[in-house]
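S.K.: Would you mind keeping the following structure in view while I ask a few things?
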Amino acid sequence: MIEQLPILNMLIFLMAALIIPLLNRRVFTLTLVMGFMVLLSVLISSVVLLVHVNTVGEFYYRFGNYLSFIGIEFKIDAFSTLFTTFIVGLTMLIYLYSCGDATDGISEAEYGRYYILLFILMFSIFGIIYTNDLFNAYVFMEILSLTSCSIISIKRKKENYTASFRYVMLNEVGSLSYLFGIALLYMVTGYTNMSLVFESIQEAWVVYPANIMTACGFMIVGVGIKAAIFPFHIWLPDAHSHAPSSSSAILSAIVVKVYLLLMVKVLFRAFGVDIIKALDIPVILMIIAGFGMIMGSFFALAQKDVKRMLGYSSVAQIGYILLGISFMTHIGLSAAFFHIMSHGLMKAALFLSVGAIIYYQRVRKINQFDGMGYKMPLSMIVFGLAALGMIGIPPTIGFISKLNLGLAALDRGMIIFIVIIVISGLLNAMYYLPIMISAFLKGEKVNKIAGIEKIPVVMMIPIVILGLLILVIGIYPDLIYGLIENAVNAIL
Amino acid sequence: MFILNLILEHINYLGGVALFIIGLHTVVTHKNLIKKVMGINIMATGIFLFFVAIGNVTGGVPPIIVEGSNPIFINPMPSVLILTGIVVSVSITVYALSLVIRIYQTYGTIDQEEIVKIQNEEQTDD
């Protein structure tokens with residue numbers, strides 16, 4: 001029975017997406033309750049899988065029991081179960097929030113459609129993380145790019161159309177580059193299955209190094225465009241700032257990370273560390289990551305719109321994750337995985353609390369935040385916590401991930417990257433602290449905090465839970481560190 | 001002469017790569033949004049041709065077993081994969097074109113530069 005859970009997870013999402021249109025004549029609450037039950041059941045089954053994999057061991061799911069070189073294969077191991085559990089848990093919080101906030105810019109007839117897109121998006125994310133087949137990952141990637149563009153353009157505004165058009169164009173260039181990489185790899189190895197490619201690539205490397213080099217370049221660029229790695233980030237600020245707040249949280253906290261996870265799988269599972277090192281890919285990735293960490297923060301400094309600023313901040317944070325990956329060591333990869341999780345939590349908290357502020361106070365500009373700490377105390381406190389995490393102040397989760405990254409850099413003897421991490425942290429402080437100072441210290445103080453703001457409970461719960469998680473995991477990082485160690489062992 | 005032979009032997013691959021580059025050039029340089037969508041399609045076609053060319057074997061026949069004969073079969077896997085690729089490419093094109101229609105309805109133009117100009121004017125109005 002437990003072997004069937006991965007495919008059941010994905011089928012449940014697909015079924016939910018198909019059932020929602022049938023419910024559109026009923027009360028809308030019914031759809032919301034059903035969606036919540038779907039996410040809850042998938043969360044439970046993901047946790048069951050996570051426990052099973054960490055105690056019993058990994059297993060493969062082969063569709064129709066075809067041999068793995070012609071069929072499609074899912075690899076269920078500590079890596080894939082950890083991240084699916086994390087993603088579905090985070091999505092559940094964002095989903096709860098979106099129940100209260102769904103009206104923000106989306107017309108009433110589109111509510112149901114928004115959740116259809118959300119469930120197909122989750123389906124494709126699960127597919128990308130589970131699959132052990134390069135071409136299968138491409139198909140899921142295209143579903144993901146279609147749905148993630150659609151949850152931006154569902155808000156019927158001019159800017160959304162242009163933002164998602166730019167997003168779909170760059171996404172498509174990225175997917176096609178990735179497909180070209182698959183073609184070049186298939187040419188020399190004859191497989192699309194990652195484990196089989198890894199087995200035969202050692203011999204192919206001796207005979208056709210040019211093919212493998214080109215394939216590696218195309219695949220990294222293709223996934224890199226979609227993951228908004230620094231020079232390819234131009235679509236991200238527009239897309240993330242114009243989308244509805246819950247979409248921004250999903251895009252920034254989850255979708256971008258999924259592509260980075262795919263990149264980890266392609267680099268370590270398909271090519272293997274030896275070939276990647278022989279091609280000097282780690283050095284290239286390190287340089288890109290270093291530039292991204294600094295430049296993303298610089299761009300963020302110049303922004304006036306708070307959601308645009310958060311978008312540019314994501315570019316810098318993706319640089320951190322890429323830096324961890326590019327060290328190619330055990331400690332570096334575990335730092336990268338930890339930062340994927342910590343940035344997911346912090347960015348979701350930031351976008352959701354800013355979303356609540358935008359929705360109830362109708363302000364988007366950074367200079368309009370004066371005294372916001374008294375009008376919306378709860379949202380601003382969570383925003384402050386997450387912002388402190390972004391800067392890397394100790395009791396938060398962000399400090400732990402920066403510490404790990406620093407240790408990983410020290411392990412490789414790269415002192416320069418510790419300097420870059422510190423500079424980037426200071427730049428983060430330069431654009432996050434002014435917001436908090438103006439929110440809590442400026443403005444009229446006549447009306448002291450008159451109690452917490454009146455936002456719907458479904459919006460308040462996720463914000464509070466995210467705030468608590470940022471603190472709790474920051475104080476007890478061992479809660480998830482054991483799982484991350486297992487995930488790294490499954491990759492390396 | 002050697003180079004000419006090399007080109008002639010790999011003409012199917014080179015054709016695919018050439019289409020890919022023409023498509024990329026169209027996407028990057030053209031201002032017209034519909035031409036950008038066309039560029040994406042040309043890129044996709046280039047890769048599809050490249051992929052199918054991998055599976056070809058000189059003198060091979062389609063892999064249908066006929067009793068009595070024992071011919072060389074071509075590899076059907078790339079063609080099967082590309083069938084999926086074509087479907088994906090069509091759906092992306094449809095979505096992109098529907099966005100172009102929306103953009104035309106709201107901005108009244110499908111020229112990238114004019115759209116940017118309109119957006120900048122609106123930003124200064126705020």
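S.K.: Can you pull out the trypsin sites (Lys or Arg not before Pro) in the stretch B:25-126 whose DSSP state is coil and whose Cβ has at most 16 other Cβ atoms within 10 Å?
M.R.: Within the stretch B:25-126, the qualifying trypsin sites (Lys or Arg not before Pro) (loop, at most 16 other Cβ atoms within 10 Å) are B:K31.
S.K.: Can you compute the charge dipole magnitude of the stretch A:280-492 about its Cα centre, using +1 on each Lys and Arg Cβ and -1 on each Asp and Glu Cβ, nothing else charged? Give it in debye, rounded to the nearest 20.
M.R.: That gives a dipole near 860 debye.
S.K.: Next question, about the same structure. Regarding the protein assembly as shown, what is the average projected area of its C-alpha convex hull, in nm²?
M.R.: 30.8 nm²
S.K.: Here is a further query. In deg cm²/dmol and to the nearest 500, what is the mean residue ellipticity at 222 nm of chain B if only DSSP H runs of at least 4 residues count, each as -39500 (n - 2.57), divided by the residue total?
M.R.: For chain B, the value works out to -26000 deg cm²/dmol.
S.K.: Based on the alpha-carbon gyration tensor of chain B and its eigenvalue square roots a ≥ b ≥ c, which shape applies: rounded if a/c is under 1.5, prolate if not and a/b is larger than b/c, or oblate?
M.R.: The shape class here is oblate.
S.K.: How many partner chain Cβ atoms sit within 10 Å of a residue's Cβ in peptide A:261-274, on average, as a whole number?
M.R.: For peptide A:261-274, the averaged partner shielding equals 0.
S.K.: Summing -39500 (n - 2.57) over the DSSP H runs of n ≥ 4 in chain A and dividing by its residue number, what mean residue ellipticity at 222 nm do you reach, to the nearest 500 deg cm²/dmol?
M.R.: Result for chain A: -25000 deg cm²/dmol, rounded to the nearest 500.
S.K.: Run through the stretch A:8-105 and list the chymotrypsin sites (Phe, Trp or Tyr not before Pro) located in a DSSP loop whose Cβ has at most 16 other Cβ atoms within 10 Å.
M.R.: Counting only loop positions with at most 16 other Cβ atoms within 10 Å, the chymotrypsin sites (Phe, Trp or Tyr not before Pro) in the stretch A:8-105 are A:Y66, A:F69.
S.K.: A further question on this structure: Which of the residue pairs A:K304/B:K117; A:K157/A:K304; A:K155/A:K365; A:K157/A:K265; A:K265/B:K36; A:K265/A:K304 have a Cα-Cα distance greater than 26 Å in the structure shown?
M.R.: Long pairs (Cα-Cα over 26 Å): A:K157/A:K265; A:K265/B:K36; A:K265/A:K304.
S.K.: Rounded if a/c is under 1.5, else prolate if a/b is larger than b/c, else oblate: which is the stretch A:335-431, with a ≥ b ≥ c the root eigenvalues of its Cα gyration tensor?
M.R.: Note, shape of the stretch A:335-431 comes out prolate.
S.K.: When you look at the Cβ of every residue in B:82-93, what mean number of other chain Cβ atoms sits within 10 Å?
M.R.: Partner-chain Cβ atoms within 10 Å, mean over residues of B:82-93: 4.
S.K.: Moving to a separate point now. Give me the inter-chain shielding for B:112-123: mean count of other chain Cβ atoms within 10 Å, whole number please.
M.R.: 1
S.K.: Projected onto the charge dipole of the protein assembly as shown (+1 at Lys/Arg Cβ, -1 at Asp/Glu Cβ, origin at the Cα centre), which of A:V27, A:M187, B:I115 gives the Cα projection farthest towards the positive end?
M.R.: The residue sitting most towards the positive pole is A:V27.
S.K.: Moving on. Whole-Hz ³J(HN,Hα) for each residue in the stretch A:165-182, computed from phi via Karplus 6.51 cos²θ - 1.76 cosθ + 1.60 with θ = phi - 60°, x for glycine and proline: what do you get?
M.R.: After applying 6.51 cos²θ - 1.76 cosθ + 1.60, I find 5, 4, 4, 5, 5, 5, 4, 6, 4, x, 4, 5, 4, 4, 5, 4, x, 4 Hz.
S.K.: Please list, by residue number, every one of the trypsin sites (Lys or Arg not before Pro) in the stretch A:256-337 that is coil in DSSP and has at most 16 other beta-carbon atoms within 10 Å.
M.R.: Passing both the DSSP loop test and the Cβ count: A:K304.
S.K.: Separate question: Any idea what angle helix B:11-29 forms with the longest principal axis of chain B, computed on alpha-carbon atoms, 0 to 90 degrees, nearest 10?
M.R.: With both axes taken from Cα atoms, the answer is about 0 degrees.
S.K.: Something else about it: For the protein assembly as shown, with only Lys/Arg (+1) and Asp/Glu (-1) charged at the beta-carbon, what is the dipole magnitude about the Cα centre, in debye rounded to 20?
M.R.: Charge dipole, the protein assembly as shown, about its Cα centre: 1460 debye, nearest 20.
S.K.: Here's a follow-up. Using a simple charge model, +1 on the beta-carbon of Lys and Arg, -1 on the beta-carbon of Asp and Glu, nothing else, what dipole does chain B show about its Cα centre, in debye to the nearest 20?
M.R.: Its charge dipole is roughly 340 debye.
S.K.: Measure off 7 Å from each Cα along the Cα-to-Cβ vector at B:I101 and A:E58, then give the distance between these two points in nanometres to one decimal.
M.R.: So the label points at B:I101 and A:E58 sit 4.6 nm apart.
S.K.: Quick one: helix A:209-226 against the long Cα principal axis of chain A, what's the angle to the nearest 10°, folded into 0 to 90?
M.R.: 20 degrees
S.K.: Nearest 10 degrees is fine. How inclined is helix A:397-411 to the longest principal axis of chain A, computing both from alpha carbons?
M.R.: Once rounded, one gets 40 degrees.
S.K.: Would you give the gap between the C-alpha center of the stretch A:453-492 and the C-alpha center of the stretch B:53-101, rounded to a whole Å?
M.R.: The distance from the Cα centre of the stretch A:453-492 to that of the stretch B:53-101 comes to 45 Å.
S.K.: Out of every Cα pair in the stretch A:280-492, what percent are spaced more than 27 Å from each other?
M.R.: When all Cα pairs of the stretch A:280-492 are counted, 32 percent exceed 27 Å.
S.K.: I would also like to ask the following. Of A:G425, A:Y359, A:I470, which is farthest along the charge dipole of the stretch A:280-492 in the positive direction, counting Lys and Arg as +1 and Asp and Glu as -1 at C-beta?
M.R.: Value: A:Y359.
S.K.: Also: For A:K304 and A:L22, what does the FRET efficiency come to when R0 = 45 Å and r is the distance between their Cβ atoms, rounded to the nearest 0.05?
M.R.: After rounding to 0.05, the efficiency reads 0.50.
S.K.: Shifting gears a bit: Can you tell me the FRET efficiency between B:V57 and A:T214 if r is taken as the Cβ-Cβ distance and R0 is 25 Å, rounded to the nearest 0.05?
M.R.: 0.65
Computed from the coordinates by the stated procedures, all read-outs in this text should not be read as laboratory data. Just so it is clear, the structure is predicted and the values come from calculations on it, not from any experiment. Heads up, the Cβs are rebuilt from the backbone with ideal geometry, glycines too, and the neighbour counts pull from every protein chain shown.
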